[in-house]
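Student: This is the structure I have questions about; it appears just below.
The values are calculated or read from the model by the stated rules, or taken from the named source; none is laboratory data. Just so we're clear, the structure is a prediction, and the values are computed from it rather than from any experiment. Backbone-built Cβ (ideal geometry, glycine too); neighbour counts: all protein chains shown. The area values use the complete protein model at the heavy-atom level, side chains included, leaving out ligands, DNA and RNA. Shrake-Rupley method; radii C 1.70, N 1.55, O 1.52, S 1.80 Å.
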Amino acid sequence: MAITIKSAREIELMKEAGRILEIVHNELGKALHPGMSTLDIDRLGEEIIRSYGCIPSFLDYRGYPASICVSVNEEVVHGIPDKHRILRDGDIVSLDAGVIYKGYHSDAARTHGIGVISKEAEELIRVTRECFFEGIKYAKEGNYLFDISAAIDSHAVSHGFGVVRDLCGHGIGTALHEAPEIPNYKMNRRGVKLKAGMTLAIEPMINRGTWEVDWLDDEWTVVTRDRSLSAHYENTVLITKEEPVLLTLNQES
Ligand code: MF3
Ligand code: CO
């Protein structure tokens, strides 16, 4: 599939999808507390998404059974909300969500600490976020896609962290996953040239230990092979001739 270039009208719709998703993340971030179940997070997230007249992108996507992916500690992504999975002080929790607004998707992820977390966990969350910002320094018309990948990789590796290779970022628009695939690791090619109007979900998934991951028997939950902590940070980004526009991040989050 070719990479789609969005029209001005489509960009307006994606901006709105992004604005709403940012609110969803901010509300969920505020609601997190020890004793809450991962299903509580999903229920609240779905309610907020629907209150804006949006559809949760992930619900029923390839059979995924919830609206918010909730991944705790060594879980990398795609954790399935569960009423018996209770957040405890010291946990870290990655929330990944997407909304569909008038047929257009936005996709974003954040990792939060619950209560007081270890220095190691703090550093992992901070560096994962920094990886995204290192990557988007290259997210501009005329640059090459895999320059973003290389920048993410090198920042994570400089901290001794593992970069997940089994899952990637992606183009996004009328579908949750569009071309191109966006690796978070260094490629030995530069990839496609970026053009204004491309919309990309850039999403580093970074582990304290090995980059290697396993899938649990539920067929969804991805965990680090060494069960070290993992963090995730994602925004939907619009490529322009100048600086990229972060569709899912206007305020600080
Ligand atoms: N951000 C994730 C991705 O781009 C979300 C998909 S989760 C799924 O793959 F549940 F919808 F599969
Ligand atoms: Co995504």
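Student: Take the stretch 56-91 and flag every residue that is of a type in the set (A, V, I, L, M), open to solvent by 30 Å² or more (accessible area, probe 1.4 Å) and within 16 Å of ligand 2 (Cβ to nearest atom).
Tutor: If the condition is that a residue be of a type in the set (A, V, I, L, M), open to solvent by 30 Å² or more (accessible area, probe 1.4 Å) and within 16 Å of ligand 2 (Cβ to nearest atom), then L59 is the only one that fits.
Student: Further question on the same structure: Within the stretch 104-127, how many residues are farther than 25 Å from R43 by Cβ and among the small types (G, A, S)?
Tutor: Adding up the residues that qualify gives 2.
Student: Name every residue in the stretch 105-145 that is touching a Lys or Arg at 6+ places or on another chain (Cβ under 6 Å) and part of a helix (DSSP H, G or I), in order of residue number.
Tutor: L124
Student: Same structure, new question: Quick check on this structure: which one of T199, T128, T111 is in contact with a Ser or Thr (Cβ under 6 Å, 6 or more places away or on another chain) and either β-branched (V, I, T) or within 18 Å of E243 (Cβ to Cβ) (or both)?
Tutor: Being in contact with a Ser or Thr (Cβ under 6 Å, 6 or more places away or on another chain) and either β-branched (V, I, T) or within 18 Å of E243 (Cβ to Cβ) (or both) holds for just one of T199, T128, T111, which is T111.
Student: Give me the residue from the stretch 154-170 that is under 20 Å from V77 (Cα atoms) and buried (at least 18 other Cβ atoms within 10 Å of the Cβ) and, out of that set, nearest to the chain's Cα centre (by Cα).
Tutor: Among those residues, the one meeting the criterion is G169.
For (1) β-branched (V, I, T); (2) crowded, with 24+ Cβ neighbours inside 10 Å, each residue gets a yes or a no:
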position	(1), (2)
T199	yes, yes
I202	yes, yes
N207	no, yes
T210	yes, no
V213	yes, no
L216	no, no
V223	yes, no
S230	no, yes
L246	no, no
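Student: Which strands (runs of 3 or more DSSP E) does the stretch 26-101 wholly contain that include 1 or more residues that are of a type in the set (G, A, S)?
Tutor: It comes to 68-72, 92-101.
Student: Can you pull out every residue in the stretch 132-151 that is in contact (Cβ under 8 Å) with a residue 40 or more places away in the chain and in contact with a Phe, Trp or Tyr (Cβ under 7 Å, 6 or more places away or on another chain)?
Tutor: Result: F132, D147, I148, S149.
Student: Related question: Confirm whether R50 is farther than 20 Å from T224 by Cα, among the charged types (D, E, K, R) and open to solvent by 10 Å² or more (accessible area, probe 1.4 Å).
Tutor: It is true that R50 is farther than 20 Å from T224 by Cα, among the charged types (D, E, K, R) and open to solvent by 10 Å² or more (accessible area, probe 1.4 Å).
Student: Would you list the strands (runs of 3 or more DSSP E) that sit entirely within the stretch 171-253 and hold 1 or more residues that are free of Cβ contacts under 8 Å to residues at least 12 places away in the same chain and either within 16 Å of ligand 2 (Cβ to nearest atom) or more than 15 Å from the chain's Cα centre (by Cα) (or both)?
Tutor: 213-215
Student: Something else now. Answer yes or no as to whether G162 is in contact (Cβ under 8 Å) with a residue 60 or more places away in the chain, within 16 Å of ligand 1 (Cβ to nearest atom) and not acidic (D, E).
Tutor: Taking the combined requirement at face value, the residue does not satisfy it.
Student: Let me ask you something else. Out of the stretch 107-143, which residues are within 16 Å of ligand 2 (Cβ to nearest atom) and of a type outside the set (F, W, Y)?
Tutor: Hits for the stretch 107-143 are D107, A108, A109, R110, T111, T128, R129, C131, G135, I136, A139.
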